[in-house]
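Here is the structure we will look at, set down as structure tokens.
The values are calculated or read from the model by the stated rules, or taken from the named source; none is laboratory data. Values in this document were obtained by computation on a predicted structure and should not be read as measured data. Please note: Cβ atoms are built from the backbone with ideal geometry, for glycine as well, and neighbour counts cover all protein chains shown. What goes into the accessible areas is simple: the full protein's heavy atoms, side chains included, and nothing from ligands, DNA or RNA. Shrake-Rupley method; radii C 1.70, N 1.55, O 1.52, S 1.80 Å.
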Amino acid sequence: MIGATIVKDVWLLLRDRGRLLSLFALPVVFIVVFGSMFKFGPDRGTPRPIAIWHATGDSRGEAIERALASTPGFTPQPLASAGAVRSAVAHDEVGAGLVIEEGKVVELVIDLGAPVQVRGPLQGALTGVVMRALAPVQLPPMIEPRSPPGIAKPIDDITSFQVTVPGNAVLFGFFIALTVAMSFAHERSTGTWRRLLAAPVPRWQALLGKLVPYLLIGLVQLAFLFGLGALLFGMKIAGSVWALVALTVAVELCAMGLGLLFASFGGSERQIGSMAPLVLLVMGLVGGCMFPRLVMPAFMQKAGLVVPHSWALDGYYAVLVREGTTIADIAPSLVALCAFAVGFGLLGVLRFRFER
Amino acid sequence: MMLALRGLGKDYGERVAVKAIDLDVERGEIFGLLGPNGAGKTTTISMACGVVTPSRGSVSIDGHDLARAPFAAKAKLGLVPQDLALFDDLDARQNLRYFGALYKLRGKALAERVAWALGVVGLADRAREPVKKFSGGMKRRLNIAAGLVHEPALLVLDEPTVGVDPQSRNHIFETVRALKQRGMTIVYTSHYMEEVEALCDRIAILDHGSLIALGTIGELVQRHASKAMTLELAGDVERAARAAEAHASVVREGVLLRVEPKAGLAPLIAAIEGSGATIARIESRQANLETAFLALTGHALRDGAA
């Protein structure tokens, strides 16, 4: 019976262009858009321009310009005057600028109204560059960043796609819960559910038969998105592929549980179609699918842990970015996702009414 | 006995949808379940098919108790729901393959059953067309095919002709008769009197969740329709109708009273004339299932009064 349901639901999906687009094409659009928006990390070939002005022959200015040019991720953009630097920053043509006038302290031109999470890293990095350039003697390195024991080293060239591919894969991966709930509502409204209940099929099998096809479709969806991320956007898998697979299965199980929970509230396709996407979007937002939780305030980072998305993303980040990450390393994410899956599923089963 | 209902009833909270029905459907007969909308027909067959859990009573299908041996009982049963329970985006053959697979049909056996069911409902040449391109009548026929693809011993048809054109209706009638010829037992629910009269060997009449009559058409007419008549009145018809109620079951339609005297015509006429009204015309109606239904329920089948 489950085999027949899989065939039937795959056929139905293949004939539903809107659903196909929302499951497979829309996430790709989001990955491209978000990947282009968040150019954090080295993103080889696109260093960040920093506007700079100093008088010709000014030794301090030249030293700073040389230091800036030798710093990965930055490129100096000399302008004709101090005013031009300030104007370029004011008009968002560059993120920051440096004005070096003789006898004055170096002016870091930056929008102080920008959130500290956005401004802080840039301000800190440029301060470091200037201090290193102007130090009276070249000191040996005094600080070296290292990951603590137990946390694997990240890969060197983390691009924005290392984050936006899993972010959108998780966001749209969970949207299969909406498809599941809509499918239940559709079968109830057309009467095919009544036919199923009148057939010699155990009710648990009827329920499972509705979930298994979508579990498989969800796995294909995530495999497609991660495959595309790796092939087209240069996303790397620093850890174990098996860890990636385990995490993906856990995400899909969780999405199935959530879909069953949505379906257990009953309601028409229209009601589900207006309620569930909102819930999924808020979960994705809080969980860091659209904006990494790292840039969120501390309390929001903690609040994000109430949704499975954040656990999934923590796991994916480790697998994609940290070298040698194994299934054991992402155990907290796997356990949390399985707990969410069981919780959603149990609640869904307890609330689910076969007869209405 | 193909289907036996014993004390079968259903409550939804405080509301009693079906009280307690006792019913036997014989092997090989077409059994009609007649009643106005809301009478409890669909709830009754939903319980009989295991779609809805009864609040009381039991169901037995071909000797298998539905509660104790649900899969054995359901394997004997085919349900054709009132809704068009089909997948519009799949073609006719794919629909039937899916529904056949629910009954453990596989491979060649499934292909043969699908071809047979499509042939029975006259859709063999449309097997590869998506259902969404079908007319309403064709969808109704495919809906029936989906219920009989596993060739059940008992086929339950819930209002199978709702919204179909006369041509498709005739085709459905022919299909039902042909299935009876093959020895299939059929339970046919409808709120169309003429359909039940044309098709069914025996009829049960449901009203307000109760079984109020059971028998062949002839038995029902003989028992319940022999005294029905129509009186055309002049004067205060409303007062006359109230006076008549003591001596007959009465349905008023304008200046007409459809009555069935309880004990002779004379006291009824005396009561009406005593109320001040005069009787302009008396029409003794031909006894048929409709008059029997009227006599039993006090309202016409399509009043929607249930």
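The table below gives the values:
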quantity	calculated
Eligible aspartates and glutamates near residue A:104 by straight Cα distance, threshold 20 Å, same-chain separation 8 or greater	A:58, A:62, A:65
Surface share of carbon and sulfur [accessible, 1.4 angstrom probe, percent] for chain B	49
Length-normalised contact order of chain A in % [C-alpha pairs under 8 Å, at least 6 apart]	20
Reach of residue A:8 by Cα under 28 Å, taken over lysines that are not fewer than 8 positions away in the same chain	A:210, B:74, B:76, B:104, B:108, B:132, B:133, B:139
Surface accessible to a 1.4 Å probe, per residue, for the residues of chain B, Å²	41
Rounded percent of accessible protein surface that carbon and sulfur make up, chain A, 1.4 Å probe	69
Percentage relative contact order, the range A:48-134, counting C-alpha pairs under 8 Å, at least six apart	34
Bins of 10 Å, starting at 0 and running to the largest distance - Cα pair percent for the range A:48-134	19, 56, 24, 1
Span from the the range A:169-187 Cα centroid across to the the range A:302-356 one, whole angstrom	17
Accessible area buried between chains A and B, both sides summed, probe 1.4 Å, in Å² to nearest 100	2500
Length-normalised contact order of chain B in % [C-alpha pairs under 8 Å, at least 6 apart]	20
Share, in percent, of DSSP beta bridges within chain A that are antiparallel, nearest 5	30
Kyte-Doolittle mean at least 0.5, axial Cα span of 30 Å or more - DSSP H helices of chain A	A:203-232, A:241-264
Hits among lysines - C-alpha to C-alpha of residue B:41 under 17 Å, sequence gap 8 or more where chains match	B:10, B:19
Filtered trypsin sites (Lys or Arg not before Pro), the range B:42-80: DSSP coil and at most 14 other beta carbons within 10 Å	B:68
Neighbour cut-off at most 12 other Cβ (10 Å), DSSP loop, GluC sites (Glu not before Pro), the range A:58-107	A:102
Accessible solvent surface per residue of chain A, calculated while the other protein chains remain in place, 1.4 angstrom probe, Å²	48
